[in-house]
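Written below as structure tokens is the structure these notes are about.
Every read-out reported here was derived from the displayed coordinates using simple, explicitly stated rules and does not represent laboratory data. Computed from a predicted model, the values in this text were never measured in an experiment. Cβ: placed from backbone, ideal geometry, glycine included. Neighbour counts: every protein chain shown.
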Amino acid sequence: MDPQSIQPDELMRFLDGEVSPEERNRIEAALAGSTELQREFALFRSMKDDLLNIQFEPELRRAAIWDRVNRHLTRPIGWILLLIGGVVWVAYAAYLFFTSPADLIEKLATGAMVIGILLLLASVIWEQYRSWLTDPYRDLQR
Amino acid sequence: MRPEVERELVRKCKAGDARFFEPLVRAYEQPGLRVALGMMGNAEDARDALQEAFVKTFRALGRFDLGRSFGPWFFQILRNQCRDLLRSRQARFKVETLDEGLELRSSGDQEGTDRLTSRHEAQALLWRGLEKIGEEHREIIVLKELQGFRYSEIASILEIPEGTVASRLYHARRALKDALLELGIEYP
């Protein structure tokens with residue numbers, strides 16, 4: 001058997017147990033007849049063993065991955081529903097506001113209070129969001 | 001997880017119910033983390049890549065063909081995610097694994113232990129060897145040696161013909177051998 005007839009990819013498939021019985025016999029015969037091929041195979045065999053021997057088990061905080069994934073999957077739905085509800089309520093409130101028989105001064109005072117509250121709320125949320133963005137410890141489990 | 005159970009879970013997830021995604025995440029998080037860690041080199045980036053891969057997998061389930069196997073499809077997404085993350089962060093494979101609670105499996109292989117004097121040293125040197133070889137070489141070694149996929153699965157994950165897997169592995173192993181030689185580990 002001419003060892004030159006064994007291609008590198010055949011040697012790899014033999015090493016990884018991905019050959020048919022006929023191929024295995026052919027490669028084993030070639031190996032038996034060539035010290036050069038034996039040396040090359042031993043090299044790959046040793047390296048594979050070392051890689052297998054250092055296989056590791058990553059320590060996983062088991063809840064963490066699913067929690068993080070679940071947050072990403074469910075939060076957008078929550079935000080969309082909240083937004084739709086908010087828009088409907090604002091539209092309904094505006095309709096009541098403009099169609100109510102109250103005096104103009106009452107409407108203006110109420111409108112100013114509502115806009116003021118919304119502006120303050122938006123400002124606080126924006127501030128919190130900005131500080132969260134720059135918080136270096138935001139991913140730590142509390 | 002049995003294939004029929006997995007297929008049923010995927011079918012329910014395709015209908016949009018995220019509750020049925022949890023068992024799939026539980027089943028694939030450990031091997032997924034192992035692959036991501038092998039590709040990214042450190043646990044924090046690996047967890048980020050894994051989480052994003054799961055999210056993308058769920059969102060892409062609508063396009064998933066139930067006739068296919070879920071595992072290779074998920075690992076394909078994970079592999080692409082790792083590559084994207086490495087590029088988007090302008091990062092490179094960084095070995096920061098030794099203090100990340102990674103546990104070496106006892107080998108019982110005296111010859112291997114003799115050659116690489118201690119388990120920690122062995123891990124450090126092999127990781128450094130993986131760091132030195134290119135991304136393409138590293139990913140195929142990770143899929144084969146760290147996760148133990150068969151050639152057909154690797155072909156599916158890397159989207160290459162099955163016949164190409166063996167030759168890629170040959171070049172990757174030679175590159176790793178050369179990298180280890182530079183680090184002072186000579187194989188027979």
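Here are a few things to note about the model shown:
- Residue exposure sequence - B:E52, B:E121, A:E23 - by fewest surrounding Cβ within 10 Å: B:E121, A:E23, B:E52
- For chain A, the orientation-averaged shadow of the C-alpha convex hull comes to 17.7 nm² (one quarter of the hull surface).
- Ordered by the number of other Cβ atoms lying within 10 Å of each residue's own Cβ, fewest first, B:R34, B:R128 fall into the sequence B:R128, B:R34.
- Share of pairwise Cα separations in the stretch B:119-184, more than 17 Å, in percent: 39
- Convex hull of alpha carbon positions in the stretch A:65-142: directionally averaged projected area 7.0 nm².
- Averaged over the residues of peptide B:145-157, the number of Cβ atoms from other protein chains lying within 10 Å of each residue's Cβ is 2.
- Sequence-ordered 3J(HN,Hα) estimates for the stretch B:51-58 from the Karplus curve with 6.51, -1.76 and 1.60 and θ = phi - 60° stand at 4, 5, 5, 5, 4, 5, 4, 4 Hz, glycine and proline given as x.
- Ranked by how many other Cβ atoms sit within 10 Å of their own Cβ, fewest first, the residues B:D65, A:D50, B:D17 fall in the order B:D65, B:D17, A:D50.
- Take each residue of peptide A:9-19, count the partner chain Cβ atoms within 10 Å of its Cβ, and average: the result is 5.
- Radius of gyration and maximum dimension Dmax of the stretch B:17-81, Cα, Å: 11.4, 35
- Rounded to the nearest 20 debye, dipole of chain A from Cβ charges on Lys, Arg, Asp, Glu: 1000
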